[in-house]
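Below is one structure, written out as structure tokens, with a few remarks after it.
The values are calculated or read from the model by the stated rules, or taken from the named source; none is laboratory data. The shown structure was predicted, so the numbers you read here are calculated from the model rather than taken from an experiment. Heads up, the Cβs are rebuilt from the backbone with ideal geometry, glycines too, and the neighbour counts pull from every protein chain shown. What goes into the accessible areas is simple: the full protein's heavy atoms, side chains included, and nothing from ligands, DNA or RNA. Shrake-Rupley method; radii C 1.70, N 1.55, O 1.52, S 1.80 Å.
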Amino acid sequence: MHKKFFLFTFLILFAIVAGQGQISDNLEPARYFGFQPGTDRELIDYNQLITYLMKLDEQSPRMQMEEIGVSPLGKKMYVVFISSEKNIENLERLGEINRKLALEANLSDQECSQLIKEGKVFVLATLSMHSEEVGPSQSAPLIVWNLINLQKPEMKDWLDQVVYMMVPSHNPDGMQMVVENYRKYKGTKYEGCSLPGVYHKYVGHDNNRDFISLSQEDTRAIDRLFSKKWFPQVMIEKHQMGATDVRYFAPPPHDPIAENVDEAIWNWMRVFGSAMAKDMTAAGLAGVTQEYLFDDYWPGSTETAIWKNMIGMLTECASANVASPVWIEKNEIQVDGKGLGEYKKSINMPMPWSGGWWRLGDIVQYEIESTWSLLRTASVYRADILKLRNDLCRKEVANGRSQSPAYYILPVCQPDQSELVNLVNLLNEHGITIYQLASDIKINGQCFHEGDIVIPLAQPFRPFIKEVMEKQVFPERHYTPGGEMIRPYDITTWSLPLHRSLKCSEIPKTDSLLDASLMKVVIPYSLRKSPSIPSGKNTVWLSATNNGSYAAVFTALSGGLKVERTSTAVTFGENTFPAGSFVISAGKDSYDALNRLIQSLTYEPFFSDNSEHFLLQPVKLPSVVLVESWFHEMDAGWTRYVLDQYHIPYDIIRLSELANPKKEITADILIIPDQDKSVLMEGKYKRGSDSYMTADYPPEYAKGMGKEGLEKVLRFMNKGGRIVAWGRSVSLFEGLLEIKEKTTGKDKTVQEEKEEFVLPFRDISENLSKAGLVCPGSLMKVNFLPDHPLTYGMPSSAGVFYRGRPAIRTFVPGFDMDRRVVGSFPEKDILMSGYCSKEELLSELPTAILITKGKGQLVLFSFSPVFRASMQGTYKLLFNALLM
């Protein structure tokens with residue numbers, strides 16, 4: 001009897017224990033989705049992926065999902081934690097250990113050793129940020145299923161030592177768009193075509209270019225994981241590249257590298273990357289390369305992880321045709337010179353791929369094997385990696401006390417106080433501690449005042465502070481001594497104060513009096529003191545120097561409030577409002593609306609009882625149309641983002657609509673952001689002088705405006721419209737142009753008149769490039785015409801983001817035209833941040849011109865005034881162009 005009872009009890013307990021962690025076979029990926037992820041011509045969309053992971057989360061004790069934010073189009077974003085059952089149960093404690101090791105420089109050796117003994121390595125992987133690079137996210141179900149079921153014997157050891165943090169899709173909106181687009185055309189001749197437009201609400205492929213500005217909601221969600229909450233020690237971004245490149249890029253990167261990053265980070269990248277190349281090659285995966293093409297100088301390859309003491313890495317896998325297989329002939333495989341001069345067996349690629357079919361399933365397999373290697377390496381070096389995190393914390397705090405600069409100080413009295421507020425709150429999002437002066441102080445003969453913002457560099461994230469607060473000096477590296485310079489992969493400037501036209505001082509040494517005068521800034525930071533309009537006042541004055549004033553003005557105009565603008569400077573006691581400043585007035589019916597507007601400000605406005613004694617110009621809300629092709633037009637997307645952030649209503653017009661003779665432009669202003677002329681005119685990219693690349697879109701999306709569309713745009717201007725264009729789009733208006741107009745004679749016969757003309761400028765950038773000008777994306781100084789309607793609120797000189805083209809030269813106009821140079825490069829000392837070779841070739845060339853033709857106006861900028869929502873210092877040029 002007793003034996004039967006004990007046997008029965010044992011069987012029940014065994015069943016309970018065995019049942020823990022058991023997951024329904026119906027959730028095996030191939031069974032659940034109806035196909036194995038990676039199968040030719042099959043894709044999982046974001047909604048399906050998250051639903052599947054939630055089902056696994058319900059059943060597996062080795063997994064935990066956490067919501068981390070919401071995408072720009074409203075999709076919930078998640079991180080998936082995968083580790084041992086014990087680690088998942090203790091996740092909050094392990095996160096606290098991460099925080100202490102990352103941020104506490106004063107831990108005792110005993111406490112640090114205990115934390116290292118108890119802690120686990122957190123490995124953060126963000127998948128498929130660029131949504132047409134589908135493989136990483138498609139591999140997610142298999143990676144998760146294998147790990148939580150311990151499908152490989154060694155996985156138990158990995159998960160005992162490591163917490164894997166997977167963001168299954170960095171860009172949920174784009175993933176859903178791309179999958180739906182692929183399904184739409186699957187089985188047609190356009191199978192695998194690119195998604196028309198950007199795969200994001202705004203920025204598309206530029207989303208990894210947002211990790212300093214943090215303008216997008218999905219970017220901020222990822223940043224919070226490593227800057228504010230979980231502090232993982234290892235981070236990897238999973239990308240894809242072209243189908244005819246090498247099969248896989250593993251760390252470390254190619255030169256140049258970020259010089260503010262500690263050498264230990266680069267050496268650990270090599271440890272992980274070497275293991276990855278070894279493990280993947282051992283698994284039979286050919287074409288794995290290292291130190292190739294991708295540099296890690298600019299903050300895009302690894303988000304901002306490496307500047308925050310994380311071992312940050314990037315992988316890139318060759319692409320298929322989305323989910324459709326491609327056949328690659330061996331002679332079609334190409335390399336780009338950085339790290340591989342030819343596609344041959346080499347130390348950077350010991351086992352080349354020989355060509356053949358390349359499938360989504362191959363990409364998935366490469367992603368899975370690289371993930372296993374990543375976790376294996378992290379588990380082997382667990383204690384070393386945890387120790388490294390606190391070692392770097394201590395080292396960077398010590399460097400902040402012993403090396404120059406010791407502090408950055410930003411005066412509270414900035415021309416643009418709204419951007420000072422934005423900068424302080426942005427730095428807080430990045431995990432930086434910000435202070436302000438409690439009293440006036442004098443340092444090295446320089447006076448600073450109560451309220452001035454102070455950023456000490458004796459902080460764990462010192463490399464990040466220095467990187468984004470100083471001007472950039474590109475580290476020139478060469479392939480051979482005195483030989484060709486290694487060109488940067490992307491841009492070369494991102495200095496937050498310079499890009500925002502904020503005054504900032506570097507203090508070289510620590511100062512005890514300064515330290516004693518510091519008090520932490522209250523977050524969210526604001527300079528507005530008045531909670532509402534004071535009694536008896538009904539008029540608000542807003543300086544044109546504040547970007548925030550323009551946001552308030554466009555909100556006021558949309559809400560029907562009365563807005564006026566000064567044409568000269570106006571002074572009230574100590575308050576001086578420069579030309580172009582705004583006056584917003586309220587009557588009895590609009591007083592509450594004005595009060596709400598004041599509460600949205602982040603700086604202190606000036607109040608008066610009326611504005612009748614001043615000469616003011618009324619401001620009207622313009623109707624704005626933005627030209628945006630169906631190509632992956634990121635600058636147009638960034639422009640839409642800025643317009644939305646500043647509450648500027650607009651409509652979008654496509655190139656095919658401009659080509660439609662029955663559709664006229666019904667607006668006051670036409671904006672044409674940076675885009676190739678060949679795309680705008682013909683709907684295809686031009687290669688060289690007479691060769692074209694066919695568009696990767698169905699024909700209805702690959703249409704330019706054509707000659708008729710351009711003529712319509714010119715007629716719009718000639719009849720009184722205003723066009724604002726910049727960057728490559730400027731070339732649309734260069735050379736011989738014509739307008740055809742139909743007129744009715746006295747005898748009622750209809751005649752067509754043709755006017756030919758050349759607008760008074762030309763682009764000389766090709767000549768300058770041949771003469772040696774290289775400007776890959778740098779901050780260049782421009783002098784602006786003072787008190788011009790286009791430059792209201794601008795300083796006399798400011799930095800603009802410039803890429804070497806166009807380079808504008810004006811000339812004396814013909815009939816019915818005029819031009820004014822509103823901004824131009826100075827004679828010398830043009831480069832402010834980044835890299836530029838032969839800058840003297842740009843000496844005194846115009847950068848901003850206003851052309852009049854007929855009854856209309858054409859505003860041309862040789863630079864993007866909104867570049868990647870990171871050039872707040874030139875936003876006002878666009879806003880003024882809309883309000884002139």
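Scanning the range 424-461 for residues that are of a type in the set (A, V, I, L, M) and under 30 Å from residue 102 (Cα atoms) turns up 424, 426, 427, 432, 434, 437, 438, 453, 454, 455, 457, 458.
The residue that is modelled with the lowest pLDDT, among those in the range 604-653 that are more than 21 Å from residue 695 (Cβ to Cβ) and charged (D, E, K, R), is 612.
Among the conditions (1) farther than 30 Å from residue 263 by Cβ; (2) open to solvent by less than 10 Å² (accessible area, probe 1.4 Å); (3) not polar (S, T, N, Q), the only one that residue 464 does not satisfy is (1). Taken together, the residues in the range 606-630 that are in contact with a Leu (Cβ under 9 Å, 6 or more places away or on another chain) and either under 29 Å from residue 73 (Cβ atoms) or buried (at least 21 other Cβ atoms within 10 Å of the Cβ) (or both) amount to 9.
Identify the residue in the range 376-386 that is within 21 Å of residue 99 (Cα to Cα) and of a type outside the set (Lys, Arg) and, among all such residues, is surrounded by the most Cβ atoms within 10 Å (Cβ to Cβ). Looking at residues that are within 21 Å of residue 99 (Cα to Cα) and of a type outside the set (Lys, Arg), I get 385. The set of residues in the range 535-572 that are charged (D, E, K, R) and either part of a loop (DSSP other than H, G, I, E, B) or over 34 Å from the mean Cα position of the chain (by Cα) (or both) comprises 537, 562, 564.
When residue 849 is tested against the conditions (1) touching a strand residue (DSSP E or B) at 6+ places or on another chain (Cβ under 9 Å); (2) surrounded by 21 or more Cβ atoms within 10 Å (Cβ to Cβ); (3) in a loop (DSSP other than H, G, I, E, B), the lone failure is (3). Among the residues of the range 34-47, just one is under 28 Å from residue 84 (Cβ atoms) and either free of Cβ contacts under 8 Å to residues at least 40 places away in the same chain or open to solvent by 50 Å² or more (accessible area, probe 1.4 Å) (or both), namely 36.
For the range 277-297, give me each residue that is open to solvent by less than 10 Å² (accessible area, probe 1.4 Å), farther than 26 Å from residue 209 by Cα and not in a loop (DSSP other than H, G, I, E, B). 280 - this is the single residue of the range 277-297 that is open to solvent by less than 10 Å² (accessible area, probe 1.4 Å), farther than 26 Å from residue 209 by Cα and not in a loop (DSSP other than H, G, I, E, B).
Checking each residue in the range 210-246 for being assigned to a loop (DSSP other than H, G, I, E, B) and either acidic (Asp, Glu) or touching a Cys at 6+ places or on another chain (Cβ under 7 Å) (or both) picks out only 245. Checking each residue in the range 491-527 for being within 28 Å of residue 597 (Cα to Cα) and in contact with a Ser or Thr (Cβ under 6 Å, 6 or more places away or on another chain) picks out 499, 526. Report yes if residue 255 is in contact (Cβ under 8 Å) with a residue 60 or more places away in the chain, in contact with a Pro (Cβ under 9 Å, 6 or more places away or on another chain), closer than 23 Å to residue 468 by Cα and open to solvent by 20 Å² or more (accessible area, probe 1.4 Å), otherwise no. Answer is yes for this residue.
All conditions but one from (1) free of Cβ contacts under 8 Å to residues at least 12 places away in the same chain; (2) in contact with a strand residue (DSSP E or B) (Cβ under 9 Å, 6 or more places away or on another chain) apply to residue 124; the one that does not is (1). Take the conditions (1) modelled with pLDDT of 95 or more; (2) among the small types (Gly, Ala, Ser); (3) in a loop (DSSP other than H, G, I, E, B); residue 656 misses just one of them, which is (3).
Residue 54: of a type in the set (A, V, I, L, M, F, W, C) and touching a residue at least 12 places away in the same chain (Cβ under 8 Å), yes or no?
For residue 54, the condition - of a type in the set (A, V, I, L, M, F, W, C) and touching a residue at least 12 places away in the same chain (Cβ under 8 Å) - is not met.
For the range 123-151, what are the residues that are over 20 Å from residue 39 (Cβ atoms) and either open to solvent by less than 10 Å² (accessible area, probe 1.4 Å) or modelled with pLDDT under 95 (or both)? 123, 124, 125, 126, 129, 130, 147, 148, listed by residue number.
Of all the residues in the range 790-820, those that are surrounded by fewer than 17 Cβ atoms within 10 Å (Cβ to Cβ) and within 21 Å of residue 856 (Cβ to Cβ) number 8. Looking across the range 631-653 at every residue that is open to solvent by 20 Å² or more (accessible area, probe 1.4 Å) and either of a type in the set (Val, Ile, Thr) or in a loop (DSSP other than H, G, I, E, B) (or both), the one that is farthest from residue 562 (Cα to Cα) is identified as 632.
Any residue at all in the range 434-444 that's closer than 18 Å to residue 304 by Cβ, surrounded by 14 or more Cβ atoms within 10 Å (Cβ to Cβ), at pLDDT 95 or above and not acidic (Asp, Glu)? Scanning the range 434-444 turns up at least one residue that is closer than 18 Å to residue 304 by Cβ, surrounded by 14 or more Cβ atoms within 10 Å (Cβ to Cβ), at pLDDT 95 or above and not acidic (Asp, Glu).
This table checks each residue for (1) in contact with a strand residue (DSSP E or B) (Cβ under 9 Å, 6 or more places away or on another chain); (2) among the hydroxyl-bearing types (Ser, Thr, Tyr); (3) assigned to a loop (DSSP other than H, G, I, E, B).
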{"residue": "664", "(1), (2), (3)": "no, no, yes"}
{"residue": "670", "(1), (2), (3)": "yes, no, no"}
{"residue": "678", "(1), (2), (3)": "yes, yes, no"}
{"residue": "681", "(1), (2), (3)": "no, no, no"}
{"residue": "692", "(1), (2), (3)": "yes, yes, no"}
{"residue": "695", "(1), (2), (3)": "yes, no, yes"}
{"residue": "704", "(1), (2), (3)": "no, no, yes"}
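Residue 184 passes every criterion in (1) in contact (Cβ under 8 Å) with a residue 40 or more places away in the chain; (2) within 30 Å of residue 641 (Cα to Cα); (3) surrounded by fewer than 20 Cβ atoms within 10 Å (Cβ to Cβ) apart from (1). The criterion of at least 2 residues that are at pLDDT below 95 and more than 28 Å from the chain's Cα centre (by Cα) is met by the following strands (runs of 3 or more DSSP E) wholly inside the range 711-810: 736-744, 750-758. In the set 191, 180, only one residue is over 30 Å from residue 390 (Cα atoms), assigned to a helix (DSSP H, G or I) and of a type outside the set (S, T, N, Q); that residue is 180. Scanning the range 387-418 for residues that are among the basic types (Lys, Arg) and open to solvent by 10 Å² or more (accessible area, probe 1.4 Å) yields 387, 394, 395, 401.
Determine if the range 197-211 includes at least one residue that is modelled with pLDDT of 95 or more and over 30 Å from residue 423 (Cα atoms). Yes, the range 197-211 contains at least one residue that is modelled with pLDDT of 95 or more and over 30 Å from residue 423 (Cα atoms). Filter the range 7-33 down to residues that are modelled with pLDDT of 50 or more and surrounded by fewer than 10 Cβ atoms within 10 Å (Cβ to Cβ) and give me whichever is farthest from residue 52 (Cα to Cα). Here the residue is 25. Restricting the search to the range 539-561, which residues are open to solvent by 50 Å² or more (accessible area, probe 1.4 Å), farther than 11 Å from residue 601 by Cβ and in contact (Cβ under 8 Å) with a residue 60 or more places away in the chain? 558, the sole residue that qualifies.
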